[in-house]
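A quick write-up on the structure given underneath.
Any read-out appearing in this document is the output of simple, stated calculations on the displayed coordinates, not a laboratory observation. If you're wondering where the values come from, they're calculated on a predicted model, not measured in any experiment. We place every Cβ from the backbone using ideal geometry, glycine too, and count neighbours over all the protein chains shown.
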Amino acid sequence: MPEITTAPATADRWADVVAAMTGGGDGGSCWCRWFHSTSSEWRSETSEQRRAALEREVAAGPARGLVAYVDGAVAGWVRVAPRVEQGRLRRSRIPKASPAPMADPAVWAITCFQVRREHRGQGVVRRLVADAVEFAEANGAVSVEAYPIDTSVAATSDNDLYHGPASAFLANGFTEAARPAPARPVLVRDLSGAGPGER
C-alpha cells in the first residue's frame, strides 16, 4: 500500500502546489481560482494571472489548501477554506441550498481537488477529505460543507470531478443536507455537536 500524507499549502511548498496543479486536468489553467472570481473576472483573466493570484495567496497565508504526497511524491491538492472567503459560493445555486447561513464564518467548504494522473485511483481524494476536515476543525470550523458529484447518478470524467466524488465524503462521515440537483448533493460534516440553528 502506498503511504499517503498531506501538508498545508504554505509558502515553502509553492513548488509542490505547482506540481500538484500541473499533473493533468484543468489545474494548470484554473489554478483553483474559480471560487474566488466573479464571472467577468474569470473571463478576463489569463492562466498566468490566476497562477500569480494563487501564488500571492499561498505566500501571504494563512494556508487555504493541502498538498498530498504518495510515498513522498507530490500527488494532489485540495482547497479547504471558510465559505465566506470563496465568493462564488454565495452566487451559486448548489451551495445556496445549504441550511447553514451563508454569512457564517465558522462554516468551511471543500471545493476543489486536483490529483496528478499517475496517482489517481490510489485513495488520494479520500485522504485529502479526511485531512481537510481535521485542518478546518483545527482552524475553528464548526462544520465543513462540500458540493460533490454523485457518480452513482451521473457518469463524470476525471477532469469534471474537481468537486470530488460524493463517495469520498460519505466515507469520511459527511451526511446529505440537501440535493438541489439529481447528481449534486450538499454534504455536511458537523464538528460542533449542534445543528446550524443551535449555534
Open item on the list: Sorted from largest to smallest, which semi-axis lengths in Å does the alpha carbon gyration tensor of region 4-198 give for its equivalent ellipsoid, taking the root of 5 times each eigenvalue?
Closed with: 24, 19, 18
- [ ] Calculate one ³J(HN,Hα) per residue across region 175-187 by plugging θ = phi - 60° into the Karplus curve 6.51 cos²θ - 1.76 cosθ + 1.60, and present them in order as whole Hz with x for glycine and proline.
- [x] 10, 7, 9, 6, 9, x, 9, x, 10, 10, x, 9, 10
- [ ] Helix by helix through the chain, keep the DSSP H runs that span 24 Å or more along the axis on Cα and average at least 1.0 on Kyte-Doolittle, and give those back in order.
- [x] none
Open item on the list: Please list, in order along region 28-36, the HN-Hα scalar couplings obtained from phi with the Karplus expression 6.51 cos²θ - 1.76 cosθ + 1.60 (θ = phi - 60°), rounded to whole Hz, x for Gly and Pro.
Closed with: x, 10, 7, 6, 6, 9, 3, 7, 10
TODO: Subtracting the Cα-Cα distance from 0.36 nm times the residue separation, let me have the gained length for residue 183 to residue 40 in nm, one decimal.
DONE: 48.8 nm
Task: Length gained when the stretch residue 96-residue 137 is fully extended (0.36 nm per residue, less Cα-Cα span) - done: 12.6 nm
TODO: Please identify, among 39, 98, 29, the residue showing maximal mean-square fluctuation in a Gaussian network model of the chain using a 10 angstrom Cα cutoff.
DONE: 39
TODO: Add +1 for every Lys or Arg and -1 for every Asp or Glu among the other residues with Cβ under 14 Å from the Cβ of residue 79, and state the total.
DONE: 0
Task: Positive-end residue of 35, 166, 193, charge dipole of the chain with Cβ unit charges - done: 35
- [ ] State the Cα centre-to-centre distance between region 133-189 and region 16-34 in whole Å.
- [x] 20
